[in-house]
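Structure first, then comments.
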2 protein chains.
Amino acid sequence: MNQNDELYKAGLLLHGHKCPAMPMGLRAGVAALKALGVERATDGQLTALVEIDSDHCATCYADGVMMATGCTFGKGNIRKLGYGKFVLTLIDNKSGRSVRVATRNEVIKRNQESEFIQFRKKGVPASKIAAELINPAVDFILAESDENLFKIDPIQEIKLTPGRPHDFNTHICEECGEVMVERYARIKNGKTVCIPCAEKSA
Amino acid sequence: MNQNDELYKAGLLLHGHKCPAMPMGLRAGVAALKALGVERATDGQLTALVEIDSDHCATCYADGVMMATGCTFGKGNIRKLGYGKFVLTLIDNKSGRSVRVATRNEVIKRNQESEFIQFRKKGVPASKIAAELINPAVDFILAESDENLFKIDPIQEIKLTPGRPHDFNTHICEECGEVMVERYARIKNGKTVCIPCAEKSA
């Protein structure tokens, strides 16, 4: 992969700035799809568990994972486990086959030592750092082999608990007049209301 | 906006299937940016609060919001409030100015009555529904005026509590040997370990 790759360009457009973590997630996602022998999720065929959280270095990783795997925040088939680790577990929901793809320590160390991260530590927003300073780190991630970037565990078969069925019914809140999905309707003094109206003090 | 628009095409690529909800989020995001008079977030300049949850109709809305606003799951500046409502509040983190953009009931009703949703209710995955059946709903959302799609509240000034600073430090787990961000390091029998190793029974 290189910076002319469609997947990289689309990821960059979504993400909004150049950095080495988004491509790291992109590569992890592609490696996981390959290991499972499955296609990107057009709907909810796959689930992605990412071990990152928020407010720490390289969370941008998850945007690359979304772009590569089609497991998205909107579709609801990607979840953060909150361990502060740069690891993806990709699950094929139909077969229960899953693979864990962990970024190698040396790859993270290399990123941590990059000029890019020195600026980020000083509080410079990623979009204000010159592309020339970021490109070496990005190009390394895009070009390196899966083997050198990731420790890919053997495929596991896991037993999935079936998710809740999608709720397609809606109601109109009798207080604010806005629509809500049925599952989120609450009753307050005999009226059908949305959660914010239910929780408002009378 | 129409289906040739760059933003729509990028949103579709991320999202993975054609539906009316992703473009609804796209339009909501663009309307919110316009109302605040701000640009798409290249970094973490904006925060998006979406009132949807998971496992219900039209959660795909959030993928459009991400693509339009640059508030992404990876960057951590988008959050689901879990009310089952198709509403976006976009916040300019610097000024505290925010705007709430609620999808009009008639727009949601129109989507609910579309052929697309009749198939979805029968359990047909979105990617398996013919584009000709989805296009009318998508084209309506893309072409309609902001005024007809959304109820846009007046700008509010809100007081933001500053987020946690980004943690750029990392450690290697003395049990599994994988890297974790410092904030997620735990101590177990005197050893520095990651959360999964800390929680494993001895």
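Between this copy and the others, label points of A:Q3 are 3.4 nm apart in ascending order, each placed 7 angstrom from Cα in the Cβ direction.
Chain B and chain A together bury an accessible surface of about 5500 square angstrom, both sides counted, with a 1.4 Å probe and no ligands or nucleic acids included. The residue list A:A35, A:G123, A:T192 was ranked by how far each Cα lies along the charge dipole of chain A toward its positive end, using unit charges on Cβ atoms, and A:T192 comes out on top. Derived scalar couplings between HN and Hα for the range B:98-111 equal 9, 9, 10, 10, 9, 5, 5, 3, 5, 5, 5, 4, 4, 4 Hz in order, rounded to whole Hz, by the Karplus curve 6.51 cos²θ - 1.76 cosθ + 1.60 (θ = phi - 60°), x for Gly and Pro.
Taking chain A as a Gaussian network of alpha-carbon nodes connected by springs under 10 Å, the highest mean-square fluctuation of the residues A:G29, A:G70, A:G82 belongs to A:G82.
Ranked from shortest, the separations from the 7 Å Cα-to-Cβ label point of A:P154 to its equivalents in the other copies are 6.6 nm. The chain A residue nearest the rotation axis shared with chain B, using its Cβ and rounding the distance to whole Å, is A:F73, 2.
If you roll a 1.4 Å probe over chain A with all protein chains in place, what percent of the accessible area is carbon or sulfur?
Numbers: 4550 of 8960 Å².
Carbon plus sulfur share of accessible area: 51 percent.
Each peptide in B:174-185, A:85-96 gets a packing score, the mean of other Cβ atoms within 10 Å over its residues, and the list from highest to lowest is A:85-96, B:174-185. When B:F168 is represented by a point 7 angstrom out along its Cα-to-C-beta vector, the spacings to that point in the other copies are 5.0 nm, nearest first.
Rolling a 1.4 angstrom probe over the protein heavy atoms, how many square angstrom per residue are accessible across chain B? Walk me through the intermediate numbers first.
On the way: 8990 Å² over 202 residues.
Per-residue value: 44 Å².
Solvent-accessible surface, computed for protein heavy atoms with a probe of 1.4 Å, shrinks by 40 Å² or more for the following residues of the range A:154-187 when the other protein chains are added to the isolated chain: A:R164, A:H166, A:F168, A:E178, A:V179, A:V181, A:Y184. Between A:A143, A:A62, A:A28, the GNM of chain A built on Cα springs shorter than 10 angstrom shows A:A143 fluctuating the most. Distance from the Cα centroid of the range A:1-44 to that of the range B:83-139 is 26 Å (rounded to whole angstrom). The residues of the range B:72-92 listed by number as losing at least 10 Å² of accessible area in the complex, against the isolated chain and with a 1.4 Å probe, are B:T72, B:F73, B:G74, B:K75, B:G76, B:I78, B:K80, B:G82, B:Y83, B:G84, B:K85, B:F86.
Checking the a/c ratio against 1.5 first, then a/b against b/c, what shape does the Cα gyration tensor give for the range A:50-202? If you can, show how the numbers build up before the last one.
Numbers: a/c = 3.36, a/b = 1.72, b/c = 1.96.
Oblate, because a/c is 1.5 or more while a/b does not exceed b/c.
The values are calculated or read from the model by the stated rules, or taken from the named source; none is laboratory data. It should be emphasised that the depicted structure is a prediction, and the values quoted were computed from it without experimental measurement. Backbone-built Cβ (ideal geometry, glycine too); neighbour counts: all protein chains shown. Ligands, DNA and RNA are stripped out before the accessible areas are found, and what is left, the full protein with its side chains, is counted by its heavy atoms. Shrake-Rupley method; radii C 1.70, N 1.55, O 1.52, S 1.80 Å.
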